[in-house]
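Asks: If you scroll down you'll find the structure; I have some questions about it.
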Amino acid sequence: MPTTSEITISDPAIISAPSTAQVPALTDAAEKSAPEAVEPSRKFASLRDLVDNVDTETALNRDEECLAGAIYFESKSESLEGQHAVAEVIINRSESGRFPGSICGVVYQPSQFSFVRGGRMPAINRDSRDWHEAVAVARVAMDEAWETSASDALFFHATRVSPRWKLKRVATIGNHVFYR
């Protein structure tokens, strides 16, 4: 099995979710619904403890694949809290009614994420610690297993830029500022 893959959307104007053929790492079983990756009855002392206990080997469903890819490219150098906050923004957008209605739709929405070029996400080293951590954070966020100070954020930007948005700032975590 190859250790890198590329996610593709053939027509970026039609934003929903890539098909299984476009995301080769997905399996038929994963498409139905991945099993809950986080033990719901177990309490964890820290996000690190939780992430370290998430199953990252089970096949990903489409939204998990898109969310983990976005976390990987957008925030892999950030703290777990920063990665989780980025994941929350993407999930919140998909549920807001103001953005595409799926996680993949949000990730592949034109001009939203700089790592998406021509409807494609670059290849990912799936053997890397960063990838496994991104998968774990995606599953934690999708399972709503941990709270973040950016839980209601819909927008974020890097601290090095100043877009002068007239939005409510809800958190600054690492190198990102989050807004509602």
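Asks: Considering only residues that are surrounded by 15 or more Cβ atoms within 10 Å (Cβ to Cβ) and of a type in the set (V, I, T), look in the stretch 155-180 and name the one that is nearest to D52 (Cα to Cα).
Replies: I173
Asks: Also, quick follow-up: Quick one: in the stretch 82-120, which of the residues that are part of a loop (DSSP other than H, G, I, E, B) and among the small types (G, A, S) is most open to solvent (accessible area, probe 1.4 Å)?
Replies: Ranking the qualifying residues of the stretch 82-120, first place goes to S111.
Asks: Related question: Is it fair to say S128 is under 22 Å from E57 (Cα atoms) and not basic (K, R)?
Replies: yes
Asks: Which number in (1) modelled with pLDDT of 95 or more; (2) more than 21 Å from A59 (Cβ to Cβ); (3) open to solvent by less than 50 Å² (accessible area, probe 1.4 Å) marks the one condition that S79 misses?
Replies: Every listed condition holds for S79 apart from (3).
Asks: I would also like to ask the following. Output the residues belonging to the stretch 150-171 that are within 17 Å of I71 (Cβ to Cβ) and either at pLDDT below 95 or not in a loop (DSSP other than H, G, I, E, B) (or both).
Replies: A150, S151, F155, F156, H157, A158, A171
Asks: With open to solvent by 10 Å² or more (accessible area, probe 1.4 Å), in contact (Cβ under 8 Å) with a residue 60 or more places away in the chain and more than 20 Å from F178 (Cα to Cα) as the only criterion, which of D52, D152, D130 stands out?
Replies: None of the other options fit; the residue is D52.
Asks: Filter the stretch 133-147 for residues that are farther than 10 Å from I71 by Cβ and either aliphatic (A, V, I, L, M) or crowded, with 24+ Cβ neighbours inside 10 Å (or both) and give the result.
Replies: Answer for the stretch 133-147, where residues must be farther than 10 Å from I71 by Cβ and either aliphatic (A, V, I, L, M) or crowded, with 24+ Cβ neighbours inside 10 Å (or both): R139, V140, M142, A145.
The values are calculated or read from the model by the stated rules, or taken from the named source; none is laboratory data. This structure is a prediction, so every number in the text was calculated from the model and none was measured. For neighbour counting, all protein chains shown are included, and Cβ atoms are generated from backbone atoms with ideal geometry for every residue, glycine included. With ligands, DNA and RNA removed, areas are computed over all heavy atoms of the protein, side chains included. Shrake-Rupley method; radii C 1.70, N 1.55, O 1.52, S 1.80 Å.
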